[in-house]
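First comes the structure, then the notes that go with it.
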Amino acid sequence: MAETVNNDKIIVGSEEWCAFPDLGIPAIKARVDTGAKTSSIHAFNIQKFRRQGQSWVSFEIHPLQNNRSTVIRCEKPIVDKRVVKSSSGIGETRYVILAHLRMGQSVWKVELTLANRDSMGFRMLLGREAMSQRLVVDPSLSFCQGEVHEQELDEFYGKKEPSKTGLKIGLLASNPDLYSNQRILEAGDERGHEMEFLDIKQCYMKLDATEPEAHYRGGKLLGDLDAVVTRIRPSVTFYGCALTRQFESMGVLTANSSSAITQSRDKLFSLQLMVKHGIRVPTTGFAKSPIDTSDLVDMVGGAPLVVKLLEGTQGRGVVLAETRKAAESVINAFKSLRANLLVQEFIKEADGKDLRCFVIDGKVVASIQREAAPGEFRANIHQGGSASVVKITPEERTLAVKAAKTLGLTIAGVDIIRSKVGPLLLEVNSSPGLEGIETATGKDIAGLMIASIEKKLGWKRDLAIKDPTYSDPDA
Ligand code: ADP
């Protein structure tokens, strides 16, 4: 029985079940939050588009807490845009939509902002504006307007394990526990695909001109994959690329091609290719065992300069030499290790910052600025640095897209440094990590990677069936 007070206002507790019939959401648990002005709903894949001269937005909702496999896809006209400050102080523009909210027996129209972040695990926050003149809050209570039981949720949304009608996608990588790998598996799962983690070292292959094969631990034949996402760590580049090539010869779509990965892993070749295609990089020299260390230093304009080991990753093997003497001794030390090394003009004005642009299918889908820890010159989030959302310039966007294209990468993390002569390319990563960029931007990059595969294979997912008894006045 729904509780009421003053005949017209209804009593709500600190959490309540709501429904949005015109969004196709029969039940969503909301945190009743008198501290928030506007109500918000946790949305993914938020995309603006135009329909009949009006701005609309499409988005996806995971209506159930701790469940990312139930997805409702929605479309609504945009009624407003608002800048909301997150806890980290970064302003974020959110779209506002109007929707009918049903709680208990009442239905009324509310404004909802589309937030792309989890709010304390709740998929929805009910703010003051939506409560005004209708609700009275008793924070000591919960679900005053009715409980929704597990069984009803199953009926509303179908069983938690939906039958897989999607693609079969392999994730070729080394460690299933890494954030990026977890997210890719989760994103595929969520979109209805059958995801399979394939440990690179456990795969082996048969070369055959007509029937090439790939096998997995225990002799299992990997014969029916539609696509493979590769996340090859540098130490297994050689074997990982050979496997990727094998999948290609079996007619399996690979998210990044083997040839693109192979050439992007050769830093020297990549930079040569960039320069050849007119992409600007910091003045750079390469050497193996330079006899004339001093001339090598002069070649890039003298100290301060950066010395990098070609085999280094994640900022390891990148050294700043502030003086000529330091530069010469670092180079000589690397020389005695017989290491391939790169010397580069030091971009001081970058002030320990760089940009990471995530490119998918020739578009920058997200970008962050990484900042060095105090006293460090390298923007390295693995070594105490930080990352934040950044607005990149059209020139930087063009540079990122061109760099990925030059290497033939469908998916790439492009690192750019801001110098006094404009943006310069640092490097391109063919297995860019997702944690820093998804956390800072709140974007579902893993989902976009899977969406790119769906598009290439011409696969379309079923949209949620909205409540057939309800007609959307906005549609
Ligand atoms: P890795 O591939 O090991 O991450 P990078 O070449 O990307 O190595 O360099 C790591 C970090 O060092 C960059 O993110 C940037 O902050 C800094 N850095 C690299 N090259 C330069 C340079 N030429 N001038 C100034 N800072 C640099």
Pairs under 8 Å by beta carbon, first residue at pLDDT below 90 in region 141-155, partner open to solvent by 30 Å² or more (accessible area, probe 1.4 Å), six or more apart or different chains? D154/K160
Would you check which residues across region 176-214 are open to solvent by less than 40 Å² (accessible area, probe 1.4 Å) and more than 30 Å from G436 (Cα to Cα) and list them? P212, A214
Restricting the search to region 440-457, which residues are surrounded by fewer than 23 Cβ atoms within 10 Å (Cβ to Cβ) and within 17 Å of R94 (Cα to Cα)? A440, T441, G442, K443
Residues satisfying the stated conditions in region 424-452, i.e. touching a strand residue (DSSP E or B) at 6+ places or on another chain (Cβ under 8 Å) and part of a loop (DSSP other than H, G, I, E, B): S430, S431, P432, G433, G442, K443, D444
Can you find a residue that is among the β-branched types (V, I, T), farther than 16 Å from I169 by Cα and either at pLDDT below 95 or in contact with a Lys or Arg (Cβ under 7 Å, 6 or more places away or on another chain) (or both) anywhere in region 237-253? yes
Quick one: which of A333, A303 is touching a Phe, Trp or Tyr at 6+ places or on another chain (Cβ under 9 Å), outside the structural domain of V428 (by TED's automatic domain parsing) and not in a strand (DSSP E or B)? A303
Here is a list of conditions, (1) without any contact (Cβ under 8 Å) to a residue 60 or more places away in the chain; (2) open to solvent by 60 Å² or more (accessible area, probe 1.4 Å), and K168 meets all of them except one; can you say which number that is? (2)
Kindly indicate whether L337 is open to solvent by less than 20 Å² (accessible area, probe 1.4 Å) and modelled with pLDDT under 90. no
Can you tell me how many residues in region 77-104 are loosely packed, with under 12 Cβ neighbours inside 10 Å and either modelled with pLDDT of 90 or more or in contact with a Lys or Arg (Cβ under 8 Å, 6 or more places away or on another chain) (or both)? 3
Any chance region 406-426 includes a residue that's touching a Cys at 6+ places or on another chain (Cβ under 7 Å) and more than 24 Å from S259 (Cα to Cα)? no
Could you tell me whether region 358-366 includes any residue that is at pLDDT below 95, more than 9 Å from the ligand (Cβ to nearest atom) and either part of a loop (DSSP other than H, G, I, E, B) or more than 29 Å from A451 (Cα to Cα) (or both)? no
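Residue-by-condition table, conditions (1) open to solvent by 20 Å² or more (accessible area, probe 1.4 Å); (2) near the ligand (Cβ under 10 Å from one of its atoms); (3) not in a loop (DSSP other than H, G, I, E, B):
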position: D354; (1), (2), (3): no, yes, yes
position: R370; (1), (2), (3): yes, yes, yes
position: R397; (1), (2), (3): yes, no, yes
position: A404; (1), (2), (3): no, no, yes
Residue within region 411-423 that is assigned to a helix (DSSP H, G or I) and more than 15 Å from the ligand (Cβ to nearest atom) present: no
List the pairs whose first member sits in region 29-52 and is open to solvent by 70 Å² or more (accessible area, probe 1.4 Å), whose second member is assigned to a strand (DSSP E or B) and of a type in the set (D, E, K, R), and whose Cβ atoms are under 9 Å apart, counting only residues at least 6 apart or on separate chains? R51/E75
Boolean, L273 is in contact with a helix residue (DSSP H, G or I) (Cβ under 9 Å, 6 or more places away or on another chain) and not polar (S, T, N, Q): yes
So, restricting to strands (runs of 3 or more DSSP E) that lie completely within region 13-55, which ones have at least 1 residues that are in contact with a helix residue (DSSP H, G or I) (Cβ under 9 Å, 6 or more places away or on another chain) and modelled with pLDDT under 90? 39-51
Tell me the residue from L309, L221, L268 that is touching a Gly at 6+ places or on another chain (Cβ under 9 Å) and modelled with pLDDT under 95, please. L309
Scan region 95-118 residue by residue and report those that are within 31 Å of the chain's Cα centre (by Cα) and among the basic types (K, R). R117
For region 288-307, enumerate the residues that are more than 14 Å from K325 (Cα to Cα), within 16 Å of the ligand (Cβ to nearest atom) and open to solvent by less than 40 Å² (accessible area, probe 1.4 Å). V300
Quick one: which of D298, D354 is out of contact with any Gly (no Cβ under 6 Å at 6 or more places or on another chain), among the charged types (D, E, K, R) and free of Cβ contacts under 8 Å to residues at least 24 places away in the same chain? D298
Residue hits (region 372-386; open to solvent by 40 Å² or more (accessible area, probe 1.4 Å), within 15 Å of D351 (Cβ to Cβ) and within 13 Å of the ligand (Cβ to nearest atom)) are E376, F377, R378, S386
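The values are calculated or read from the model by the stated rules, or taken from the named source; none is laboratory data. In this text, all values refer to a predicted model and were calculated from it rather than measured experimentally. Every residue, glycine as well, gets a Cβ built from its backbone with ideal geometry; the counts of neighbours run over all protein chains shown. Accessible surface areas use protein heavy atoms only, side chains included; no ligands, DNA or RNA. Shrake-Rupley method; radii C 1.70, N 1.55, O 1.52, S 1.80 Å.
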